[in-house]
Amino acid sequence: MADVTAPAYRIIPIIPALKPGAMEGKGPYVASDKLNEALGFPGQLVEDWHDRAIAKMGELLSKYRSLKVFMDACVHCGACSDKCHYFIGTQDPKNMPVARQDLLRSVYRRYFTLPGKLFPRLVGARDLTREVLDEWYNYFNQCSECRRCSVFCPYGIDTAEITMAAREILDSVGYGQKYSNEIIGKVHKIGNNLGLPGPALIDTLEGLEEDVKDATGIDVRFPIDVKGAEVLLITPSADFFAEPHIDSLIGYAKVFHATGTSWTLSSMSSEAGNFGMFIGNYDQLRTIAMRIRQAALELGVKRIVVGECGHAWRVAYSFWNTLTGVGDGADANDRFAQMLQKQLDHRYKQPAHICEFTWDMIQDERLTFDKSKNDKHIITFHDSCNVARGSRMGDLPGGQFEIPRNIIKAVANNFVEMAPNTTREQTFCCGGGGGLLTDDLLELRVKGALPRMEVLQNAVDEHGVNFMATICAICKAQFTKIMPIYGFDRKMVGGVHQLVSNAIQLGPK
Amino acid sequence: MASIVFAIMFYLATLLLVVGLLYRISNYARTPAPLKIPTTPAPMTTGGVVLRMTREVVFFESLFKANLWTWGLGWLFHASLALVIMRHLRYFTEPVWSLVAFIQPFGMYAGITMLLGLCGLWGRRLFVERIRYISTPSDHLMLLLLIEIAATGLLMKFAEHTDVIGVKGFFLGLMHLNIQVLPADLLLAFHLFLVVSLLVVFPFSKLLHAPGVFFSPTRNQKDDPREKRHLSAWAAKLESEK
């Protein structure tokens, strides 16, 4: 894919002119029969796709208030129209959040509203044709479900919810996306997104123990399947072998080591990521999350901690309690949730983010750092969308912004911010989230990264930034892939716990 | 004759508006929200959610963050409309409430600022490429309808005065199921006909954003998923089946 080039930076970040059709037919590969059927979806596009799609839409409208309200409430004010990184990067008007929503809304109006049935042209209602279905497939697979548009919508309309509904409809008629469905299949079969089997995982962890011993002279353990451990760590499987992810895994292990925390990984449940959310399928979302519940019950752990992964943290923080009971505050007669919640230690937040764990330990003065070890870095922080706009850390709203920054400042001397309208809840997606981190979408991924690359370039020019920390496995993978195309060194990207790992003091104090 | 036609139209339109909105609202209220999806950072308490919603509904907080022009024009229109509607209560109350009497002068000029806001919004829709792209014919017609309502109202106020005493008599009569004579005035008839149209379209159109915003899960949910288990009825069934 050497032919993909980076779009030029905008001199001033003005709103780009429209280029209709710019990203037409540039959607991802369609899933094969085998991949679809493994998840219980029809293998390929069914004969009666029209009726089944409309029926599915009706079902989702009755199950999700978000979809129902969002279909009705939009006034086409255009507040969201310049907020999507994919629109900014591709200039395709159908990548404007409102236009993307209207691909579905036009069909909703035709089949579910009176004016749409009577006067379709007047209200922009359309019949569901094969062209419309293909358009759905193309453009709902060009949304990373990052929720940036929902920050600016006066009615809180979240395109992610609409994308999820559209993908759910597409899957239900046998028109699934290869990358996401393949990954979900691997979780069911092997236990993680990368298809890394238990023995290979154990082997990898042993290798890591040796590496850390060689580098530090200290026996830092990477325990797995230890019954009765206090902490179960659920982390994205990329942490086990991808660069730079693995350096953060080493960081977590060092924090557990230095604080004397007994912890374990699980070979059965070796994945924090949950692509069930990306395809908007509640059953998949729930089934994947249930592995964590099962591992927690089997290993008898008291705490569940989640590694650096954006959408995984949204699922863990916002959905795990609902889906699996990992959390607090279940009704006394809720046997399903109580079974697990009685086992967990509620002096701590359940589940906790690894950054919450580390920051608590820093505040308790149970960790010491040599900050000079990070002096070679001038660091900035890229907020990951699902952490920023779909979760929290700590006790206050916005803790998800403060805690990772606090950790960076505790372990390093040089920290600068990027432009304020591109950080915190206004952060731009890396361009690879939401089930789009696949090479068949490389052009989209490169173009979608444009807004982030522009402000990073500014930070490099003004402050000499040479390290962009982030707490998301997808951000890390996406940036290492596309940043060289923008002329940056791929090693500029890394995890917060990679910086922790650099500076942490493990020997006797 | 015209009086009776208008009386019937107002009765039917009001009925449609009330029944239509109640149906919509109860539908929104009955549809479950199975997952916690507030756009974060979000308030952690009910009081906090009420504050967030108030800021959203009164000041259009999110729109303010999005685009100052749209926010300015949109807020000008909505705030003016609120004043204009309050001013019009004088045609439905006897004696006129003191608050309504107090805002009478502001309400008059609000008609002008309402028109300005609407024209600005329409200009945006016509001349900004992105907004023109996303506009449907109904988006333009809705603005046209509101502009015509404002314009006919202003004409009656500042140019071709109508018999306001007679208008008030007609509406007070309507409220007591006692149909009075509506002054014969073409401008007035046009104004009232447009208002009837607005009432009719309301529950079937994007004007549903008004009740909808209160049911938007990204704005009305508390940020407390770890502290309290949130479970919808259909999702709970999945557990009993296991």
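All of the numbers you see were taken from the coordinates with simple rules; none came from a lab. Please read these numbers as outputs of a predicted model, since none were measured by experiment. Methodologically, a virtual Cβ is constructed for each residue, glycine included, from the backbone with ideal geometry; neighbour enumeration extends over all protein chains shown.
Listed values for the stretch A:380-395 are Karplus-derived 3J(HN,Hα) couplings in whole Hz (6.51 cos²θ - 1.76 cosθ + 1.60, θ = phi - 60°), namely 10, 10, 9, 5, 8, 4, 5, 5, 5, 10, x, 7, 8, 10, x, 9, and x replaces Gly and Pro.
Counting other C-beta atoms within 10 Å, and keeping those with at most 13, which DSSP coil trypsin sites (Lys or Arg not before Pro) do you find in the stretch A:208-272? Don't skip to the end; give the middle numbers.
Values: sites: A:LYS213, A:ARG221, A:LYS227, A:LYS254; in loops: A:ARG221, A:LYS227.
When the trypsin sites (Lys or Arg not before Pro) of the stretch A:208-272 are filtered for loop state and at most 13 Cβ neighbours within 10 Å, A:LYS227 remain.
Close amide H pairs (under 5 Å, H built 1.01 Å from N) link A:ASP383 with A:ARG424, residues at least 5 positions away or on another chain.
Could you size up the charge dipole of chain A around its Cα centre, putting +1 on the beta carbon of Lys and Arg and -1 on that of Asp and Glu, and report it in debye to the nearest 20? List each step's numbers first, then the result.
Working: 56 positive and 60 negative charges, 214 e Å.
Value, rounded to 20: 1020 debye.
Each residue of the stretch A:75-80 was assigned a 3J(HN,Hα) from its phi angle through the Karplus curve 6.51 cos²θ - 1.76 cosθ + 1.60 (θ = phi - 60°); the sequence is 10, 6, 6, x, 4, 8 Hz, with glycine and proline shown as x. A Förster radius of 60 Å, combined with the Cβ-Cβ distance separating B:GLN104 from A:GLU417, puts the computed FRET efficiency at roughly 0.75. As a rough guide to protection, the peptides A:65-72, A:398-405 ranked by mean Cβ packing within 10 Å, highest first, stand as A:65-72, A:398-405. Close amide H pairs (under 5 Å, H built 1.01 Å from N) link A:PHE467 with A:ILE378, A:THR380, residues at least 5 positions away or on another chain. Per-residue shielding of A:59-65, expressed as the average number of other chain Cβ atoms within 10 Å of the residue Cβ, stands at 5.
A Förster radius of 56 Å combined with the Cβ-Cβ distance from A:LEU122 to A:ASP395 puts the calculated FRET efficiency at roughly 0.65.
Counting pairs of alpha carbon atoms under 8 Å apart in space and at least six apart in sequence, what relative contact order in percent does chain A give? Before the final figure, lay out each step's value.
Details: 945 pairs, mean separation 90.5, N = 509.
It rounds to 18 percent for chain A.
Could you list, by residue number, the cysteines of chain A that have no other cysteine's beta carbon within less than 4.7 Å of their beta carbon? A:CYS74, A:CYS77, A:CYS84, A:CYS143, A:CYS153, A:CYS309, A:CYS355, each lacking another Cys Cβ under 4.7 Å. Highest mean packing first, where packing is the average number of other Cβ atoms within 10 Å per residue, the peptides A:157-166, B:100-109 line up as A:157-166, B:100-109. If you take all other residues with their beta carbon under 12 Å from the beta carbon of A:CYS74, and give Lys and Arg +1 and Asp and Glu -1, the sum is 0.
Computed on the Cα atoms alone, the convex hull of the stretch A:212-358 gives a volume of 106 cubic angstrom per residue.
Which value, in debye to the nearest 20, gives the size of the charge dipole of chain B about its Cα centre, when Lys and Arg are +1 and Asp and Glu are -1 at the Cβ? All intermediate terms of the calculation are to be shown ahead of the outcome.
Details: 22 positive and 14 negative charges, 180 e Å.
It works out to roughly 860 debye.
Counts of other chain beta carbons within 10 angstrom of each beta carbon in peptide B:57-63 average 3.
When every alpha-carbon pair in chain B is counted, what percent end up more than 35 Å apart? List each step's numbers first, then the result.
Details: 7969 of 29161 pairs.
Summing the P(r) of chain B above 35 Å gives 27 percent of all pairs.
Straight-line cross-link partners of A:LYS254 among the lysines, defined as a Cα under 22 Å from its Cα and at least 8 positions apart when in the same chain: A:LYS213, A:LYS227, A:LYS302, A:LYS349, A:LYS371, A:LYS373, A:LYS376, A:LYS409, A:LYS476, A:LYS491, A:LYS509. Other protein chain C-beta atoms within 10 Å of residue C-beta, averaged over B:66-78: 3. Computed from backbone phi with θ = phi - 60° and the Karplus coefficients 6.51, -1.76 and 1.60, the 3J(HN,Hα) list for the stretch B:224-231 is 8, x, 7, 7, 9, 6, 10, 9 Hz; x is used for glycine and proline. Amide H to amide H, with H built 1.01 Å from N, A:TRP263 comes under 5 Å of A:GLU230, A:VAL231, counting only residues 5 or more places away or on other chains.
For a straight C-alpha distance cut-off of 18 angstrom, the aspartates and glutamates reachable from A:LYS117 (same-chain residues fewer than eight places away being disregarded) are A:ASP51, A:ASP72, A:ASP102, A:ASP127, B:ASP139.
Provide, as a two-decimal number, the C-alpha radius of gyration of chain A over 2.2 N^0.38 Å, N being how many residues it has. The partial results should precede the final answer.
Details: Rg = 22.7 Å, N = 509, 2.2 N^0.38 = 23.5 Å.
Ratio of Cα Rg to 2.2 N^0.38 Å: 0.97.
Secondary structure note: in the protein assembly as shown, about 10% of the DSSP beta bridges are antiparallel.
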